[in-house]
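Data first, discussion second: the structure below is written as structure tokens.
The values are calculated or read from the model by the stated rules, or taken from the named source; none is laboratory data. Predicted model, so just to flag it, every value in this text is computed and none were measured. Reconstructed Cβ throughout: ideal geometry from the backbone, glycine too, with neighbour counts over all protein chains shown. With ligands, DNA and RNA removed, areas are computed over all heavy atoms of the protein, side chains included. Shrake-Rupley method; radii C 1.70, N 1.55, O 1.52, S 1.80 Å.
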Amino acid sequence: MSTDPERETHDPRNPEDPAAAESAEAGDEHRQDELPQRAQPGSPSESPLSYANGSTEEEPREFDDGAAAPADPATDAAADSEAEPAGEPEEPTLAELLTGTARGETASFSAFYESTSDVIYGLALLMHAEPAGAQASTVAVYQHLWDQADARARDLRLQTQASQLLTDEYADFTAEQQGDQEAAAEYRPNEYEQVLEWLVPLAHRIFVERFREGAAEPIQLTAVAQSDGGGVAGLPEEILEDLLALSDSQAQALALTYLSGLSHHQLAQSVGAALPSVKSRLRDAMTRLHTQRTERESEPDPILRAAVTRKDVERGSGVNRNFASTIAADLDKGLLVELAELYALDAVDDAERALLDEKALTADAREAQQWDTRVLAARRTLAEIFAAHPVVPPSHLLDEVLQSVGDQEVGVGLVEGISTHTEETEKRTPVMKKWMFIAGFLLVLLVGIVVIYRVTSGVDVQSLAENDQNAVVVEDSLADGGQMRAVVSEAENVAWLEFSGVPDLAEDATYQVWLLPHTGGQPSSVGNFDADELEDGVDVRGISQYRQLQISVESIRGQERPTGAVVADLPLHSEGSENDGDTDAPAPEEDAAEDEAGS
């Protein structure tokens, strides 16, 4: 994708391409200036964009160097030219080269390597401490592609189809909504870009697995304490400008996960923050990067527009999007889609990834499509930053790959045994008896009743609060004008807030609602709201964990703690109640300072 007129797509297979020639001149350099942008990675095939299951593993193939050795491309070209003087033969696509690799054709494999290795090696240089480690990890990627070429060729086909369908669907929807047929002619990834949006995430996961296994050393990044200015030290120069849109804590979280390969658990421990906080930082960092990418684009990406709605951009963190300490608890709260960015960043461990894959597989069609869209958008945005610096690998690296492709794969455990929901398996026609049909119908009916009951009961926070006879009703004025009515139900563990006469704020300012915990610690943001959104009402769940609700006016959306003027305070528990907590808890500002000092 081109994000501005100066960042055009190029293809290294074209010897006349000046960008490719410039990359070739870079040789073995560890870093080079930013080259034209080319890659937008989607997900290799998770629901339906997920990696292939480990059962697809094949026996290492022998080189096809004997009687079936590939013909000389120049000889073929000359023969085709004589047979068809009207035109030159078409070059095989990258997908065709990967399919040829699955047949054991070393010529196809070499051509695929030559066409894509500069992007993979460039990413490896950004992520590894030393060039030698980057080279070894690049070899591991292409060794895996050789050993698993048949399965990977199928993954590529399925991922490409899913990406095209999503892109076309959202582009057509936009054209219909806007009555603008030109919208349907928005950005579409070409064949080279489609291969990279599958290959770059695959390579990244292999790099991350090698880091976590100790097979390679990641780039040395150091989290800087807030008292020393915050952020992260040691970032490659190539990406500094792209991360300027992020807060210090967001840039810190993003770099330590994507470049150093930390899981969100390791990140929380490294920076001394709570797990819900680091998950929020990663999600909100991607939202800001999406916004930056949208502003740069000359061709709008319909996937990006569908993944990040206007409310996402405005709120930074929306209502009821507060994370829990575990992925399983987040999924129980219905936050599958909110975890898409962690998944795309490879900031989860094997068990968590499997859990997310399973949840995406069993989600309803709407939620599954939102998940696919958010994952794909995140990977495209990440590639525009981290995979936009191709470097031609040393000439001996291909020889190393060819010499090692018969050996056992290295560092791909994270890629195997993950998900099966894109496996193309032959289905057996079921035998259906009458009693089975009746039993199945009754089961579906029962499940439907349960689902309807759960949807219609316990979900409406306002009704839960209002119907609790012991609920506490508080009416108060906001500091800057307007009225607040709060219904707090300790029995139902919820609160309902409604507002009237709330004054509008300056263009960039926002009301942010906070939950302050009993014993101090990091405040939890309920979300950012304008005046109209507050007057639509705000529902709050899980109030037993918090002692007070607070509303502040913030100049920047998505703040991690209150920094602006407080316009409302609401105690969530009556004095002496079992949830009253520690009344001597430190103020949020003191907690925040202690939390940042730990990072």
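Structure data summary
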{"quantity": "Kirkwood hydrodynamic radius over Cα pairs of the stretch 331-382, then Stokes diffusion coefficient at 4 °C and 1.567 mPa s, in µm²/s", "calculated": "118 µm²/s"}
{"quantity": "Intensity falloff of the stretch 95-141 expressed as log10 I(q)/I(0), Debye formula with alpha-carbon point scatterers, at q = 0.21, 0.27 Å⁻¹", "calculated": "-0.69, -0.88"}
{"quantity": "Heavy-atom accessible area order for Ser477, Ser280, Ser117, largest first, 1.4 Å probe", "calculated": "Ser477, Ser280, Ser117"}
{"quantity": "Spacing of the two label points (7 Å from each Cα toward its C-beta) at Arg541 and Thr326, in nm", "calculated": "1.7 nm"}
{"quantity": "Spatial extent of the stretch 247-292: Rg and Dmax, with the Cα atoms as the point set, Å", "calculated": "9.7, 29"}
